[in-house]
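Sharing a structure here in structure tokens format.
The values are calculated or read from the model by the stated rules, or taken from the named source; none is laboratory data. Note that this is a predicted model, so its numbers are computed, not measured. Every residue, glycine as well, gets a Cβ built from its backbone with ideal geometry; the counts of neighbours run over all protein chains shown. What goes into the accessible areas is simple: the full protein's heavy atoms, side chains included, and nothing from ligands, DNA or RNA. Shrake-Rupley method; radii C 1.70, N 1.55, O 1.52, S 1.80 Å.
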There are 2 protein chains.
Amino acid sequence: MTVPAEARDRATRRADTLAMLGTPAIDVWVATASAAGAPHLVPVSLAWVGERVVVAVEASSVTARNLAASGVARLAVGPTRDVVMIDAVLEETVAVADREELAAAYVDQADWDPRGSTGYVFLVLRPVRVQAWREANEIAGRTLMRDGTWLLENHDVQETR
Amino acid sequence: MTVPAEARDRATRRADTLAMLGTPAIDVWVATASAAGAPHLVPVSLAWVGERVVVAVEASSVTARNLAASGVARLAVGPTRDVVMIDAVLEETVAVADREELAAAYVDQADWDPRGSTGYVFLVLRPVRVQAWREANEIAGRTLMRDGTWLLENHDVQETR
């Protein structure tokens with residue numbers, strides 16, 4: 001067992017989180033569930049566009065169908081020991097050919113263009129809760145966004161007391 | 001976009017999969033769902049013991065409660081572009097202090113000992129379907145186990161026709 005690095009403060013975790021979400025050709029694990037409670041999980045490319053996680057999947061995929069029905073997903077970005085966990089809601093579903101600026105933003109970050117494939121849609125996912133941690137010593141303080149709002153920095157909280 | 005390596009055959013993927021599952025201190029993404037269809041996803045340490053995925057979680061955790069209710073999980077091991085996806089069923093739940101040989105096997109592979117914490121259980125998960133792929137060119141042929149049975153190698157299928 002290696003000795004973990006010192007736990008990052010919230011401002012550092014938020015900066016690291018935003019940097020990770022903006023990384024070119026990065027993937028996201030998308031967990032969804034059917035109405036009957038069957039879990040699903042797939043890795044897909046992500047784009048971070050206007051504080052939204054945008055993924056492109058086939059409209060007929062389990063992920064798209066689960067999200068259309070439930071409206072919620074749990075996302076993970078990064079390796080298991082430097083993770084960003086996002087609980088998100090489906091904001092909109094857009095056929096990949098239907099909105100040029102969204103497709104351009106997606107293609108700019110992802111390493112493929114879904115417009116070359118048939119039947120793909122963009123799922124635009126709005127984060128509601130964001131957590132980030134590396135090792136066990138970062139479990140405390142892992143929540144960076146709650147109810148859709150980034151939490152204040154510790155010093156901000158102290159200043160406004 | 002990089003040019004992907006040549007697609008691996010089934011025997012190679014199975015060997016790579018077993019090697020990955022036996023890696024010391026490796027983690028697994030565990031996706032579960034509540035009866036109401038809320039998805040959950042966490043990364044935890046795994047041990048591969050007797051063809052079962054063994055994880056240790058708090059008995060009160062969302063993962064343990066979802067699995068107790070539904071009996072099913074979808075697991076992912078490896079990075080997003082060298083992934084092993086496992087659909088699994090809960091075979092048994094064992095308090096970490098209750099079975100010495102299971103705990104010994106877990107601790108031998110994982111990099112922590114859950115017996116040092118309070119309220120942890122081992123979830124013993126039996127794979128039903130196993131898939132492995134790296135890039136898009138490996139989507140075909142990704143299924144290595146179906147209905148709990150490892151699929152025959154291609155040459156075996158041909159020999160027994």
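Distance from the Cα centre of the stretch A:1-78 to that of the stretch B:100-121, in angstrom?
29
Give the relative contact order (percent, whole number) for the stretch B:27-95; include only Cα pairs under 8 Å separated by 6+ residues.
Normalised by residue count, the contact order of the stretch B:27-95 is 30 percent.
Tell me, what ³J(HN,Hα) does each residue in the stretch A:110-125 have, in order and in whole Hz, if you take phi through Karplus 6.51 cos²θ - 1.76 cosθ + 1.60 with θ = phi - 60° and put x for Gly and Pro?
Those phi angles translate into 6, 9, 7, 10, x, 5, x, 10, 9, x, 8, 10, 8, 9, 9, 10 Hz.
Heads up, I need the accessible area for A:H40: 1.4 angstrom probe, whole protein in place, Å², nearest 10.
In the full protein context, A:H40 sits at about 30 Å².
Given a Förster distance of 45 angstrom, what is the FRET efficiency for A:D113 paired with B:A36, based on the Cβ-Cβ distance and rounded to 0.05?
My answer for the efficiency is 0.75.
Leaving ligands and nucleic acids out of the surface, order A:E101, B:E92 by accessible area at 1.4 Å, largest first.
Result of the area sort, largest leading: A:E101, B:E92.
In chain A, what percent of the accessible surface is made up of carbon and sulfur (1.4 Å probe, ligands and nucleic acids excluded)?
52
Residue-wise, which Karplus ³J(HN,Hα) couplings in Hz belong to the stretch A:30-46, taking 6.51 cos²θ - 1.76 cosθ + 1.60, θ = phi - 60°, and x for glycine or proline?
10, 9, 9, 9, 6, 4, 7, x, 8, x, 10, 7, 9, x, 9, 5, 10
In sequence order, what are the phi-derived ³J(HN,Hα) couplings for the stretch B:86-99 according to the Karplus relation 6.51 cos²θ - 1.76 cosθ + 1.60 with θ = phi - 60°, rounded to whole Hz, with x for glycine and proline?
Result, ordered by residue: 10, 8, 9, 10, 6, 8, 7, 10, 10, 4, 4, 8, 8, 9 Hz.
Below 8 Å between Cα atoms, with a sequence gap of 6+, how large is the relative contact order for chain A in percent?
Relative contact order of chain A: 25 percent.
Next question. Counting only protein chains, not ligands or nucleic acids, how are A:D27, B:D108 ordered by accessible area (probe 1.4 Å), most first?
B:D108, A:D27
Can you give me the distance in nm between label points at B:R81 and A:A19, each placed 7 Å from the Cα along the Cα-to-Cβ direction?
2.0
Another question about this same structure. Can you give me the long-range amide H partners of B:L144? Hydrogens built in the peptide plane at 1.01 Å from N, cutoff under 5 Å, separation of 5 or more residues or another chain.
The answer is B:V130, B:Q131, B:A132.
Treating only the Cβ of Lys, Arg, Asp and Glu as charged (+1, +1, -1, -1), what charge dipole size does the stretch B:45-161 show about its Cα centre? Round to the nearest 20 debye.
Rounded to the nearest 20 debye, it is 440 debye.
Just to verify a number: what accessible area does B:V72 come out at with the full protein assembly present, 1.4 Å probe, Å² rounded to tens?
50
I need the calculated FRET efficiency for the pair B:V89 and A:T149, taking r as the beta carbon distance and R₀ as 35 Å, to the nearest 0.05.
0.35
Sort B:M20, A:M85 by accessible area with a 1.4 Å probe, largest first.
From most exposed to least exposed: B:M20, A:M85.
Using +1 on the beta carbon of Lys and Arg, -1 on that of Asp and Glu, and nothing else charged, what's the dipole of the protein assembly as shown about the Cα centre, debye to 20?
About 540 debye.
Among rounded, prolate and oblate, which fits the protein assembly as shown when a ≥ b ≥ c are the square roots of the eigenvalues of its C-alpha gyration tensor, a/c under 1.5 means rounded, and a/b larger than b/c means prolate?
Taking the square roots of the gyration eigenvalues as a ≥ b ≥ c, the protein assembly as shown is oblate.
Something else about it: Just to be sure I understand: if you take the accessible area of chain A alone plus chain B alone and subtract the pair, with a 1.4 Å probe, what total do you get in Å², rounded to 100?
2300
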